[in-house]
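J.: For reference, the structure I am asking about is given below.
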Amino acid sequence: MKWKMIGDTGLKVSPLCMGVMTFGSDSDEDTSAKVYARCREAGINFFDCANVYAGGNSEMILGSLIKPERDKVIITSKMTFGPRDPAMGLQGYGSSRSQIMHHVEHSLQRLDSDHLDFYFLHHFDVNTAQEDSMRAMDDLVRAGKVRYPAISNFAAWQIMKAIGICQHHGWAKPRLLQPMYSLLKRQAESEIFPLAQSEKLGVITYSPLAGGVLTGKYGQKQFSEVDGRLKTSRPYQRRYADMRDYQVAATLGQIAQQQGVHPVTLAIAWIMANPAVTCPIIGARNLEQLQPALAALDFALSDELYKELSSLTPAPALATDREDERALHR
Ligand SMILES: NC(=O)c1ccc[n+]([C@@H]2O[C@H](COP(=O)([O-])OP(=O)(O)OC[C@H]3O[C@@H](n4cnc5c(N)ncnc54)[C@H](OP(=O)(O)O)[C@@H]3O)[C@@H](O)[C@H]2O)c1
């Protein structure tokens, strides 16, 4: 196993992080335990969770699984969306100091742990001053409840603003980012990845299979004809509504066949090869789905194949125009 460093924290993690969003929802407790055990067997020591996954059940299942070996694994949770928690009344959504303090206690209880390794602000909250959110995170670090603050789904300027605020006040700054990233969603390449490399931040990317689309199982068929998330989830149907997405998935399938591997292996190996990425967060509802994702750990992606896969979708526009001219003067 070639360990990866999370930015400049000195923390070493496996080159894949297991996302446990399916624990307690698509995967029952028994299947979740099997998936966890298989991940540990494969050397994975990194698990990504959130307070909202399966209404809090995901944290409870993960908590029971890590209990005998808490210090051997790195775990995350997130807040901003509350689970539908009547105790919060009107305050269900957001990253205010009150919400952060409320949700961290509940997450720690469900995880049966005295600390989180990384605690994510799940989304940018326009109603809360960033000073309030970052100060609350710093208090949690000082109290030993959170090892490192982390940020998901922020724009690059919002991340940089959060870092600037923390540096100005001497507060613990975010050390890990979590953007969406796959062959079908490459926006992170234009600003988030260069920012992470410049600031030495860890990056764990989510939805590497575009919610299942890159397995090729949807193809030209109607969602209703296939088993999977897109059958029922309107947000995921909207996210991958473009017919070109299904054509890319079909071409990926053909390349995978030529290579004698599963398209899932290729889609994940392509992300692992990006120097800005610490690890992709994989998702699977059972052991069968997990297998081709784990195979990416042993798949050697050549530069040529990396380029071929990258050419399946357009790279996003650069953050500024005339980058090409600047390159001439380097
Ligand atoms: N920060 C955020 O906002 C955010 C958002 C989303 C996810 N995440 C994190 O990222 C993790 C992974 O995200 P994701 O679940 O969206 O990843 P993904 O890799 O894009 O999708 C995984 C899903 O694809 C399908 N799939 C996987 N392997 C398959 C196979 N071999 N054959 C057929 N179908 C297969 C399964 O869903 P079906 O069986 O239902 O098709 C599986 O649940 C989550 O667990 C969570 O930790 C974070």
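The values are calculated or read from the model by the stated rules, or taken from the named source; none is laboratory data. Please read these numbers as outputs of a predicted model, since none were measured by experiment. So basically every Cβ, Gly included, is an ideal-geometry build from the backbone, and we count neighbours across all protein chains shown. Quick note on the areas: whole protein, heavy atoms, side chains included, nothing else; ligands and nucleic acids left out. Shrake-Rupley method; radii C 1.70, N 1.55, O 1.52, S 1.80 Å.
J.: Of everything in the range 242-266 that's part of a loop (DSSP other than H, G, I, E, B) and either under 14 Å from residue 211 (Cβ atoms) or under 22 Å from the mean Cα position of the chain (by Cα) (or both), which residue is farthest from the ligand (Cβ to nearest atom)?
T.: Only one residue fits best here, namely 242.
J.: Go through the residues of the range 77-95 one by one and say whether even a single one is assigned to a helix (DSSP H, G or I), within 14 Å of the ligand (Cβ to nearest atom), within 23 Å of residue 151 (Cα to Cα) and modelled with pLDDT of 95 or more.
T.: Taking every residue of the range 77-95 in turn, none turns out to be assigned to a helix (DSSP H, G or I), within 14 Å of the ligand (Cβ to nearest atom), within 23 Å of residue 151 (Cα to Cα) and modelled with pLDDT of 95 or more.
J.: Restricted to the range 149-189, and to residues that are basic (Lys, Arg) and closer than 18 Å to residue 128 by Cβ, which residue is most open to solvent (accessible area, probe 1.4 Å)?
T.: 161
J.: May I ask you to verify whether residue 8 is assigned to a loop (DSSP other than H, G, I, E, B) and not aliphatic (A, V, I, L, M)?
T.: yes
J.: May I ask you to list the residues in the range 25-53 that are part of a loop (DSSP other than H, G, I, E, B) and open to solvent by 30 Å² or more (accessible area, probe 1.4 Å)?
T.: 25, 26, 28, 52
J.: If you don't mind, there's one more thing I want to ask. For residues in the range 271-313 being in a loop (DSSP other than H, G, I, E, B) and free of Cβ contacts under 8 Å to residues at least 24 places away in the same chain, which is surrounded by the fewest Cβ atoms within 10 Å (Cβ to Cβ)?
T.: 300
J.: Go over the candidates 121, 111 one by one and state the one that is open to solvent by less than 40 Å² (accessible area, probe 1.4 Å), within 16 Å of the ligand (Cβ to nearest atom) and closer than 29 Å to residue 160 by Cβ.
T.: Going through 121, 111 in turn, just one is open to solvent by less than 40 Å² (accessible area, probe 1.4 Å), within 16 Å of the ligand (Cβ to nearest atom) and closer than 29 Å to residue 160 by Cβ: 121.
J.: Further question: Against the condition open to solvent by 10 Å² or more (accessible area, probe 1.4 Å), touching a residue at least 40 places away in the same chain (Cβ under 8 Å) and among the hydrophobic types (A, V, I, L, M, F, W, C), how does residue 243 come out, does it pass?
T.: Criteria not met by residue 243.
J.: Only one of these is more than 16 Å from the ligand (Cβ to nearest atom), basic (Lys, Arg) and at positive phi: 161, 200. Name it.
T.: Just one listed residue meets the conditions, 200.
J.: Across the range 194-210, which residue is most open to solvent (accessible area, probe 1.4 Å) among those that are more than 17 Å from residue 269 (Cα to Cα) and not small (Gly, Ala, Ser)?
T.: So, considering only residues that are more than 17 Å from residue 269 (Cα to Cα) and not small (Gly, Ala, Ser), the one most open to solvent (accessible area, probe 1.4 Å) is 200.
J.: Now, a different point. If you check 269, 300, 293, which single one turns out to be of a type in the set (A, V, I, L, M, F, W, C), touching a helix residue (DSSP H, G or I) at 6+ places or on another chain (Cβ under 9 Å) and near the ligand (Cβ under 8 Å from one of its atoms)?
T.: One residue alone meets the criteria, 293.
J.: I would also like to ask the following. Can you give me the number of residues within the range 231-240 that are part of a helix (DSSP H, G or I), open to solvent by less than 60 Å² (accessible area, probe 1.4 Å) and within 11 Å of the ligand (Cβ to nearest atom)?
T.: Residues meeting the conditions: 1.
J.: So, one more: Note down all Cβ pairs under 7 Å where the first residue falls in the range 315-326 and is assigned to a loop (DSSP other than H, G, I, E, B), the second is open to solvent by 80 Å² or more (accessible area, probe 1.4 Å), and they're at least six residues apart or on different chains.
T.: What qualifies is 316/187; 319/191.
J.: OK, next. Tell me the residue from 228, 216 that is open to solvent by less than 80 Å² (accessible area, probe 1.4 Å), touching a helix residue (DSSP H, G or I) at 6+ places or on another chain (Cβ under 9 Å), of a type in the set (Gly, Ala, Ser) and more than 8 Å from the ligand (Cβ to nearest atom), please.
T.: Among 228, 216, only 216 is open to solvent by less than 80 Å² (accessible area, probe 1.4 Å), touching a helix residue (DSSP H, G or I) at 6+ places or on another chain (Cβ under 9 Å), of a type in the set (Gly, Ala, Ser) and more than 8 Å from the ligand (Cβ to nearest atom).
J.: Let me ask you something else. Has the range 176-196 got at least one residue that is modelled with pLDDT under 95, in contact with a helix residue (DSSP H, G or I) (Cβ under 9 Å, 6 or more places away or on another chain), within 12 Å of the ligand (Cβ to nearest atom) and assigned to a loop (DSSP other than H, G, I, E, B)?
T.: The answer is no; no qualifying residue exists.
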